[in-house]
Each structure stands twice: as C-alpha cells, then as structure tokens.
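As structure tokens, the structure follows; a few thoughts come after it.
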Amino acid sequence: CGVSRVPVRARLRGEPGTSVDITIERDGVEGENTLSIPRNVIQVRDVKLTTFIGKPEDGIGYIQLSGFAANAGNEVRRSIFALQQAAEEASGGEHSLQGLVLDLRGNPGGLLTSAVDVSSLLVPKGSEIVSAKGRGFPGVSYRSRV
C-alpha cells in the first residue's frame, strides 16, 4: 500500500462515539472495501501476562508489567489475587502463592504514584518506598499503604 502509520493514526483518532470510514484493499480480493468503525477510548493494560512458572500447584507466579499507568496497582493486585486462588485450587487447598516473579523488563516507567501502589503490594505496610529532596522544595516520602 503506501500510507505510513502516522497519518493513519491521526485519521483514526477522534471524538469517542463518532465513526471513521476506512477503505482497504486485500490481496486476493478484487476491489476496495469501505468499513465504518466506531471510535472508542481504548484502555491499554499494564499487566501483559499473568501465569505460573512451572506447575500451578508449585505456586510460583509470574506477572509481566509493561508500565506504570494509573491502574497498574489495581491490575497487579487483581493478578496476585487470581494467582493466589489458582494456586490454592491447584494444590487442593494445601497452599497459596509460594513466590512471585515481577517481570519489569522493557518497562519504561510511568507514574510515580502507580509504582508506589505496585510496590506497596510487595513490601510490609509502612515501608519507605521512595523519597526525594532537593533545593527549593520540601522533602517527600512515599510509604507502602497496604
């Protein structure tokens, strides 16, 4: 074809609830096909994968976190809860989650408060997670809340 992603992205974006008409050509299909697609707000999840390493009854969970957007803490919380339940079921109620790998490879970062929310799930309540101080502004400290 001949249209790069940037102009296509710009044309597809618009007010949610409105529609955009796109015309496509496909190999092996004669002519053009025009489709009307409704625009919606798309929520991109930060948790890309939640699974077990090895057998679920071993209880070693794995969460791939690709960023720290506004809902990252809630997404990780739901993933941990789902892994705990699955580990309990797989082990016949003998144990819950025994370990967790939080994969941050390729994670470019994001909102500091979301990173604090995720960290709060993994450290004891009241633990200092991050602090900052500098010239001209008072020091700030973030502690775990869960």
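Do you know which residues across region 22-42 are open to solvent by 100 Å² or more (accessible area, probe 1.4 Å) and over 24 Å from residue 67 (Cβ atoms)?
Selection gives 25, 26, 27, 30, 32.
Which pairs do you get when a residue that is free of Cβ contacts under 8 Å to residues at least 12 places away in the same chain, found in region 104-117, comes within reach of a residue that is open to solvent by 80 Å² or more (accessible area, probe 1.4 Å), reach meaning Cβ atoms under 6 angstrom, with the pair 6+ apart or on two chains?
Listed by first residue and then by second, the contacts come to nothing, as the list is empty.
Any residue that is in a helix (DSSP H, G or I) and open to solvent by 70 Å² or more (accessible area, probe 1.4 Å) - is there at least one of those in region 61-74?
yes
Can you find a residue in region 43-54 that is on the phi > 0 side of the Ramachandran plot and open to solvent by less than 80 Å² (accessible area, probe 1.4 Å)?
Scanning region 43-54 turns up at least one residue that is on the phi > 0 side of the Ramachandran plot and open to solvent by less than 80 Å² (accessible area, probe 1.4 Å).
If you take the residues of region 99-142 that are assigned to a helix (DSSP H, G or I) and touching a helix residue (DSSP H, G or I) at 6+ places or on another chain (Cβ under 6 Å), which of them is surrounded by the most Cβ atoms within 10 Å (Cβ to Cβ)?
117
Assess whether residue 89 counts as being surrounded by 13 or more Cβ atoms within 10 Å (Cβ to Cβ) and over 22 Å from the mean Cα position of the chain (by Cα).
Against the criterion (surrounded by 13 or more Cβ atoms within 10 Å (Cβ to Cβ) and over 22 Å from the mean Cα position of the chain (by Cα)), residue 89 does not qualify.
Give 145, 77 a once-over and let me know the one that is open to solvent by 60 Å² or more (accessible area, probe 1.4 Å), out of contact with any Lys or Arg (no Cβ under 8 Å at 6 or more places or on another chain) and not β-branched (Val, Ile, Thr).
77
Could you tell me whether region 6-19 includes any residue that is touching a Leu at 6+ places or on another chain (Cβ under 8 Å) and not aromatic (Phe, Trp, Tyr)?
No: region 6-19 contains no residue that is touching a Leu at 6+ places or on another chain (Cβ under 8 Å) and not aromatic (Phe, Trp, Tyr).
The values are calculated or read from the model by the stated rules, or taken from the named source; none is laboratory data. Computed from a predicted structure; not experimentally measured. All Cβ positions, even for glycine, are placed from backbone atoms using ideal geometry, and neighbour counts span all protein chains on display. For the accessible areas, the whole protein counts, side chains as well, though only heavy atoms, and no ligand, DNA or RNA atoms are used. Shrake-Rupley method; radii C 1.70, N 1.55, O 1.52, S 1.80 Å.
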